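The structure appears below as structure tokens.
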Amino acid sequence: MRTPSAEALIQRYEKYVLEELASEAEPTPLPAETEPRTQLMTTDEVAELLNVSRRVVWELVGRQELSRIRVGGQLRFRAEWIDEYLKRQTRNGNGDGIH
């Protein structure tokens, strides 16, 4: 059974993926000075999303396999960085889970 926070995290990630798929179908260019804003995820949220421990997330960061930024001394992750990591983990690189 998922905890409420896990359910919210998964819904947020699914929303991001759906938005990305929709934007691929019909891209809308942004003005050069506008950068899209995305909500940052904590180490705990990433660990829960990937179903791994916090230590594994830190190891991925240490091996430079997972992009991150520091905010106030704490690690933060963008959903698109997690998606990129997952795509790289498939053998064909398409992120479709086919090995």
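One decimal place: the segment GLN74-VAL52 gains 6.1 nm when fully extended, by the rule 0.36 nm per residue minus the C-alpha distance.
Take the Cα of LEU40, step 7 Å toward its Cβ, do the same at LEU86, and the gap between the two points is 2.2 nm.
In this simple spin-label approximation, ALA8 and GLU59 carry label points 7 Å from Cα along the Cα→Cβ vector, and these lie 3.0 nm apart.
Every read-out reported here was derived from the displayed coordinates using simple, explicitly stated rules and does not represent laboratory data. No experiment lies behind these values; they were computed from the predicted model shown. So basically every Cβ, Gly included, is an ideal-geometry build from the backbone, and we count neighbours across all protein chains shown.
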